[in-house]
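Chemist: Quick one: structure below, then a few questions.
The values are calculated or read from the model by the stated rules, or taken from the named source; none is laboratory data. Computed from a prediction, not measured in an experiment: that's the story for all the values here. Every residue, glycine as well, gets a Cβ built from its backbone with ideal geometry; the counts of neighbours run over all protein chains shown. When the accessible area is computed, the model is the full protein with side chains, heavy atoms only, and any ligands, DNA or RNA have been set aside. Shrake-Rupley method; radii C 1.70, N 1.55, O 1.52, S 1.80 Å.
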There are 2 protein chains.
Amino acid sequence: MPMIRFDDNPLITPADVKPSRPDFEVVCVFNAGVIRLGGEILLLLRVAERPRPQPGELLAPMLCPDDPSKGLEVLRVRSGSPDVEEIDSRVFKYQGSTYLTSISHLRPARSKDGRNFTVADTPAVFPACREEEFGIEDPRITRIGDRFYVNYSAISRMGISTGLAVTRDFVTYERMGIIFVPDNRDVTVFPEKIGGLYVCYHRPVSGMFGRADMWLATSPDLLRWGDHKYVAGTRPGMWDCRRIGGGAVPFRTSKGWLEIYHGVDDAQRYCLGAMLADGERPERIIARSPAPVLSPEAPYEREGFFGNVVFTCGAVAEPDGRVIVYYGAADWCVAAAETTIDELLASVR
Amino acid sequence: MPMIRFDDNPLITPADVKPSRPDFEVVCVFNAGVIRLGGEILLLLRVAERPRPQPGELLAPMLCPDDPSKGLEVLRVRSGSPDVEEIDSRVFKYQGSTYLTSISHLRPARSKDGRNFTVADTPAVFPACREEEFGIEDPRITRIGDRFYVNYSAISRMGISTGLAVTRDFVTYERMGIIFVPDNRDVTVFPEKIGGLYVCYHRPVSGMFGRADMWLATSPDLLRWGDHKYVAGTRPGMWDCRRIGGGAVPFRTSKGWLEIYHGVDDAQRYCLGAMLADGERPERIIARSPAPVLSPEAPYEREGFFGNVVFTCGAVAEPDGRVIVYYGAADWCVAAAETTIDELLASVR
């Protein structure tokens, strides 16, 4: 196993994060985008909140269904009612419609050493439109020039789409629009153009054919994507047999692009692996992890809001060859692990 | 009901179409793209074929799974086997994977009067790559300048994506690439740019949230699409409560864009309706059919390969205000019905 967990894991837990309003509690802080910014590491955290539930109550916080500009509302239903179906800790169905038990926003945290983080007191990007009525999740940050592009999952009754925002300072963000339609998430935008076009991996879902595979798209403007190429699928009998999706923003190595991705098995266990992609045609996968590079084994990875999960939205590839992978553990907290480019390259087949 | 069926319906049936090879039979000819071309009406038919099955046999014709360039193969399974699940006449599952019982290609038919068609003896666009391994379906034709853009559903184990091809003569076609990823179909490209960009409606599916709604996207090059806007959804309790999707390529009227779309109800009945969209911002739907403009009522619409279906991929809006809608009936044959722009505009609320 080429990844070494930080001794001080978990780095950030819900206790470190102020809720966005006094009647809410933070239940999860995880799946953070990451960027090196001058002398600091900046994480853009996914913070999931909810009102404190009463016993026997299921809650779904969301933007006002009739008018998202009116702010948050809470759907309250009784657990065990005939019109309620509890799926897991994250999701329930009520009268045939799907709801989330928490609503996520994005919030920065900063650190000089990459281990001790100061979490902002208030949200940076909060759900604001009907495509985001159930929350915004799992940001990835790509630096291109002096701009930082943040893509995130936008969840609503219409499904899981992917939105794009841009910032220069992580203070002011401009929403650019929806770049992928339901259900599509796990978008990782490459940090440079290839062949004159922006490039990303994305992860659409085919309900009819039961697939959740990675594809590549190109774009002239970061907002409109197409000429899609199939990249990689699930592998029967392996650790990534059920679903896969992009994780960290890819980074260039001497051998090609390295993508740290997540795979899910039939037991709903989320692990991390690596793919090595052709430097000029990154839809071509040269090699891939036969076994996970990180599996949920530590206590904070095995138990949490949704257990047995390690899931990354970003890594820092340092000039000295070290790679720090920040990851969400058990859908509950932020942790990190260290490896090197050489070890990752040596681990793929 | 403002639509009047042609007396000579159905216009084209499988008996009118030669199979692409002697061991195949044509089971369906339907869902045709349409364009007026000089003095002729050209239909680009969806032709669905299969090998003649033996009793008790389920067949899935497809491109060779290991190497699509090797041409067609046939999966043969026993009906009633424990590892076979028969979904309907179109689809079965075998060992957990989804297969189609026929494979579709595109083939032109031409007519001087729009009623009597001569069907080409051979396919024009045949499945050729792994995104198309289970067939290409439901073409829509959009004329832009002297080029005809044909988008079609590309079906494979990866799901239902949408491909784009271009032709100048309906003899030679160039595939441009995949424009929408699984599951996304029912793409209708507008015949002119709006605000300097190409525009289309498309119909992604959210498995997690159980939605099949219409969205709008824009593109600088027809190949890369984004800045997606939600357009219209299903309507509980109405004829389009289960699924909707674009049908004919939209055409301009004095009141805005007219889109003839299909809606599906809980009984899997496919009807046609109309939407009137803002002329400059066609993501804004001004009015919509309270009741279908065409429902499956004629015998050839009620019974066929998959009954109770009327489904359009194209209409011809004549300069005199007449609108001829060509449609697939019961997933089996091609039919047509006539109305006027005024009647369609009067029918929406």
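Chemist: Per residue Cα convex hull volume for segment B:139-200, in cubic angstrom?
Modeler: 81
Chemist: For B:R252, place a label point 7 Å from Cα along the Cα-to-Cβ direction in every copy; what are the distances to the other copies, in nm, shortest first?
Modeler: Those label-point separations list as 4.5 nm.
Chemist: Taking a label point 7 Å from Cα toward Cβ, how far is A:M238 from its twins in the other copies, in nm, shortest first?
Modeler: 4.7
Chemist: Now, a different point. Could you run the Karplus curve 6.51 cos²θ - 1.76 cosθ + 1.60 with θ = phi - 60° over segment A:91-99 and give me ³J(HN,Hα) per residue in whole Hz, x for Gly and Pro?
Modeler: Karplus values, whole Hz, x for Gly and Pro: 9, 9, 10, 9, 6, x, 9, 9, 9.
Chemist: I've got another one for you. What FRET efficiency comes out for the pair A:R284/A:R76, r = Cβ-Cβ distance, R0 = 35 Å, nearest 0.05?
Modeler: 0.10
Chemist: Here's another thing I want to ask about it. For segment A:75-230, take N as its residue count and report Rg(C-alpha) divided by 2.2 N^0.38 Å.
Modeler: 1.17
Chemist: Let me ask something else. Place a label point 7 angstrom from the Cα of A:C241 along the Cα-to-Cβ direction, then list the residues of segment A:261-280 whose backbone nitrogen is under 16 Å away.
Modeler: A:263-271
Chemist: For A:D266, put the label point 7 Å out on the Cα→Cβ axis and report which residues of segment A:63-88 keep their amide N under 15 Å from it.
Modeler: Output list for this probe position: empty.
Chemist: Moving on. Check the axis relating chain A to chain B and name the residue of A whose C-beta is nearest, distance in whole Å.
Modeler: Per the Cβ-to-axis criterion, the result reads A:G207, 2.
Chemist: I would also like to ask the following. Counting only helical runs of four or more DSSP H residues, what would the 222 nm mean residue ellipticity of chain B come to if each run contributes -39,500 (n - 2.57) and the total is spread over all its residues?
Modeler: -500 deg cm²/dmol
Chemist: Which residues in segment A:102-131 place their backbone N less than 17 Å from a point set 7 Å from the Cα of A:K18 along the Cα-to-Cβ direction?
Modeler: Zone members listed by number: A:105-110, A:117-126.
Chemist: Is there a quick way to get the dipole size of the protein assembly as shown? I mean about its Cα centre, with the Cβ of Lys and Arg at +1 and of Asp and Glu at -1; what is the value in debye to the nearest 20?
Modeler: 600
Chemist: With the contact rule set at Cα under 8 Å and sequence spacing of 6 or more, what percent relative contact order holds for chain A?
Modeler: The value is 16 percent.
Chemist: Ok, one more. From the alpha carbon gyration tensor of the protein assembly as shown, can you work out the equivalent ellipsoid semi-axes (sqrt of 5 times each eigenvalue) and give them in Å, largest to smallest?
Modeler: Here the semi-axes work out to 45, 28, 24 Å.
Chemist: Binned at 5 Å from 0, what are the whole-percent values of the Cα-Cα distance distribution for segment A:1-149, short to long?
Modeler: 2, 9, 16, 19, 17, 14, 10, 7, 4, 2, 0
Chemist: Using the beta-carbon distance between A:R252 and A:D320 and R0 = 25 Å, what value does 1/(1 + (r/R0)^6) give for FRET efficiency, to the nearest 0.05?
Modeler: Approximately 0.95, to the nearest 0.05.
Chemist: Length gain on complete extension for the stretch B:S97 to B:R349, per 0.36 nm per residue less the alpha carbon to alpha carbon distance?
Modeler: Full-extension gain reported as 86.5 nm.
Chemist: Could you work out the mean projected area of the convex hull around the alpha carbons of segment A:289-349, in square nanometres to one decimal?
Modeler: Projected over every direction and averaged, the Cα hull of segment A:289-349 covers 4.1 nm².
Chemist: Where only protein heavy atoms count, and the probe is 1.4 Å, what is the accessible area per residue for segment B:130-190 in Å²?
Modeler: The answer is 27 Å² per residue.
Chemist: How large is the translational diffusion coefficient of chain A in µm² per second when you combine the Kirkwood radius over alpha carbon pairs with Stokes-Einstein at 25 °C and 0.890 mPa s?
Modeler: In µm²/s, the coefficient is 122.
Chemist: While we're here: So who's got an amide H within less than 5 Å of the one on B:C313, skipping anything under 5 residues away but keeping other chains? H placed 1.01 Å off N, in plane.
Modeler: B:A32, B:G328
Chemist: Also, quick follow-up: Could you sort A:R76, B:R252 by their accessible area in this structure, using a 1.4 Å probe and putting the largest first?
Modeler: The ordering from most to least exposed comes out as A:R76, B:R252.
Chemist: Between the chain alone and the structure with every protein chain in place, find the residues of segment B:177-193 that drop at least 30 Å² of accessible area; heavy atoms, 1.4 Å probe.
Modeler: With the partner chains in place, segment B:177-193 has these residues losing at least 30 Å²: B:I178, B:V181, B:P182, B:D183.
Chemist: Another question about this same structure. So the label point sits 7 Å from Cα along the Cα-to-Cβ vector; using that for A:E318, what distances do you get to the other copies, in nanometres, sorted shortest first?
Modeler: Listed shortest first, these distances are 7.6 nm.
Chemist: Shifting gears a bit: Suppose R0 equals 25 Å; then what is the FRET efficiency for A:R168 and A:R115 from their Cβ-Cβ distance, rounded to the nearest 0.05?
Modeler: 0.40
Chemist: Determine the share of chain B's accessible area contributed by carbon and sulfur atoms, expressed in whole percent, with a 1.4 angstrom probe.
Modeler: Taking all protein chains in place, chain B shows 47 percent carbon and sulfur surface.
Chemist: Taking the Cα centre of segment A:4-346 as origin, sum charge times position over the Cβ atoms of Lys and Arg (+1) and Asp and Glu (-1), and report the length of that vector in debye to the nearest 20.
Modeler: For segment A:4-346, the charge dipole is close to 440 debye.
Chemist: Here's another thing I want to ask about it. Once you keep just the Cα pairs under 8 angstrom separated by 6 or more residues, what percentage relative contact order results for segment B:1-142?
Modeler: 26 percent.
Chemist: Chains B and A: how much accessible area gets covered up at their contact, both sides added, probe 1.4 Å, in Å² to the nearest hundred?
Modeler: When B and A are taken together, about 3300 Å² of accessible area is lost.
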